[in-house]
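To start, the structure under review is shown below, and the notes come after it.
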Amino acid sequence: MRQTRPNRDRPAAHVSQRVRYSSAGRILRRRSRMASSDAAIQKCKDLFDYISTKRYLDETEAKDLMRQLLHTLTECHEVGVLHRDIKDENLLVNLADGTLRLIDFGSGALLREADYVDFNGTRVYSPPEWIRHRRYNGKQAEVWSLGILLFDMVCGDVPFERDDQICDCTPLFKRKLSPECRDLINACLQADPAKRPSLQQMLHHPFLQREEAAVTQEVATQTQPMPPPPPPSSCASLEELESIASTSRIASAASSFSDYRGCQNRLCNKDSGYGGCHA
């Protein structure tokens, strides 16, 4: 059962102002900012529900979403803002074009080099240094949460549920993943914060690099002549077309119901963990 999201104070005015006037076009400050456009709401789904529907994401899709998020977080840093609550519920996937939007800066703070001694994020995404010492470096803790998120994408659930599991820093992979994917997750989930990669190092990790073969194939496809038009339909009447469409809709509805039932198996409910605490 999904838990109620804990109430939070509104972010400081200087944080929200920096986000609002930044060049990060993929950033939305609050879910309520989306409420003014019903069309935008209808074509978006938060990443928690998106993963639940699919059970897990294939690596190709996870790569694309993670690249987008890393670019967005880089833009946040450039205007001096740290989000501090990176998780699947705070990301919206546009179902029409696959673009990703970062929302809810309610836990955000001004970026600084000094350690933070308060945590308003989600417990299962919190780093071990916060559990042990009640302090953390903002950028290094953010990378930890990205490792949790990537695991969530490709395995269908977060790796850790309890404090002792977080401090153990040993994710148990539930699916067969590529060595590159496992390596990036493990790099982000290092117990020593100083050994975790930066956002730029993550972008240049082999897992997030486009394969040369794929790029070559894309270029070749773009240079090929347009294919000939398809032959006329063999359907003899409009009634036959309507019958085919009806059968397709029924199959699609059955598939969606099956996916919905499958999403109930996720261990980590939406808004799991606590809303945060202060040292």
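All of the numbers you see were taken from the coordinates with simple rules; none came from a lab. Owing to the predicted nature of the structure, the values given are computational and were not obtained by experimental measurement. Neighbour counts are summed over all protein chains in view; Cβ atoms, including those assigned to glycine, are modelled from backbone coordinates with ideal geometry.
Determine the alpha carbon to alpha carbon distance for each of K87/K139; K63/K176; K45/K176 and list only those over 21 Å.
From K87/K139; K63/K176; K45/K176, over 21 Å: K45/K176.
Mind listing which GluC sites (Glu not before Pro) in the range 42-133 are in a DSSP loop and have 15 or fewer other Cβ atoms within 10 Å?
Within the range 42-133, the qualifying GluC sites (Glu not before Pro) (loop, at most 15 other Cβ atoms within 10 Å) are E113.
Quick one: if you stick a label point 7 Å off each Cα along the C-beta vector at C167 and R134, how many nm between them?
1.4
Using a/c under 1.5 as the rounded threshold, could you call the range 64-187 rounded, prolate or oblate? The axes a ≥ b ≥ c are square roots of the C-alpha gyration tensor eigenvalues, and prolate needs a/b larger than b/c, oblate otherwise.
oblate
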